[in-house]
């Protein structure tokens, strides 16, 4: 079982709202190993010791916003190649452009749902 | 009842009292009642007095029956998952609960489950530490 688990790809969910983590985990948990962080600092500390295959990153968080976290991830040689997908309620073109500008590859829009989030993750891994 | 308790003296004294009452032997009745009282006291003093078991009482801790190697392995696995904020920790609660069912750490287990389910993994790690201390096990 452990070898089966470790063979699965790992997704790090970063969101300051535990309910959102629970929702995404219920959608993706059957296919991927799920790690979580509820703050930017916790996320950056976690990626220093773990190696997630994908990071789902909330934009609006109190200690450090998603853009800043993404910038730091992309500036770090250890994490710069890990794909980042933003989770956001912001849907303007400017917000999307800013996200792509700091290195994100895609968006998942809130409210989070299986039809919107599962294909985005699958596409990333494929 | 007297027979079940092997209280033959009580049976004899009670029979004598009964006979005296039926035959209106008032003169002997007081002495016969004293005999009955004395024989009853003898029987009652021989019955061990124990409080009835409380239905709400927690099952007694039976740590000698603990499978310590498996408990240690399960706690170490859970601790590792908690340190990495890995949500697989949730799946490891049920087996641990079974392993520690009679370990006398029900309160700490409840605390651990509550912390994991609310994604308070630091609190959950503290609960794991408390359980290991309570059971005197060292995690690898």
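The values are calculated or read from the model by the stated rules, or taken from the named source; none is laboratory data. No experiment lies behind these values; they were computed from the predicted model shown. Quick reminder, even Gly has a Cβ in these numbers, built from the backbone with ideal geometry, and neighbours come from all protein chains shown.
Does the range B:127-137 contain at least one residue that is out of contact with any helix residue (DSSP H, G or I) (no Cβ under 6 Å at 6 or more places or on another chain) and within 14 Å of chain A (Cβ to nearest Cβ)?
no
List the pairs whose first member sits in the range A:67-84 and is on the phi > 0 side of the Ramachandran plot, whose second member is part of a helix (DSSP H, G or I) and at pLDDT 95 or above, and whose Cβ atoms are under 9 Å apart, counting only residues at least 6 apart or on separate chains?
Note: no pairs meet the criteria.
Would it be correct to say that residue A:96 is closer than 23 Å to residue A:118 by Cα and crowded, with 16+ Cβ neighbours inside 10 Å?
Numbers: closer than 23 Å to residue A:118 by Cα: yes; crowded, with 16+ Cβ neighbours inside 10 Å: yes.
So residue A:96 passes the test.
Report, by residue number, each residue of the range B:88-111 that is touching a residue at least 12 places away in the same chain (Cβ under 8 Å) and assigned to a helix (DSSP H, G or I).
Across the range B:88-111, the qualifying residues are B:89, B:90, B:92, B:93, B:95, B:96, B:97, B:99, B:106, B:108, B:109, B:111.
Can you report the number of residues in the range A:5-42 which are more than 9 Å from chain B (Cβ to nearest Cβ), within 10 Å of the chain's Cα centre (by Cα) and within 14 Å of residue A:73 (Cα to Cα)?
Summing the residues that are more than 9 Å from chain B (Cβ to nearest Cβ), within 10 Å of the chain's Cα centre (by Cα) and within 14 Å of residue A:73 (Cα to Cα) in the range A:5-42 gives 1.
Could you check how many residues of the range A:43-59 are within 13 Å of the chain's Cα centre (by Cα) and either touching a residue at least 40 places away in the same chain (Cβ under 8 Å) or farther than 15 Å from residue B:119 by Cβ (or both)?
Count: 11.
For the range B:95-108, indicate whether the set of residues that are within 13 Å of chain A (Cβ to nearest Cβ) and surrounded by fewer than 18 Cβ atoms within 10 Å (Cβ to Cβ) is non-empty.
Kept after step one, since they are within 13 Å of chain A (Cβ to nearest Cβ), are these residues of the range B:95-108: B:95.
Going one step further and asking which of them are surrounded by fewer than 18 Cβ atoms within 10 Å (Cβ to Cβ), we end up with B:95.
Yes, the conditions are met somewhere in the range B:95-108.
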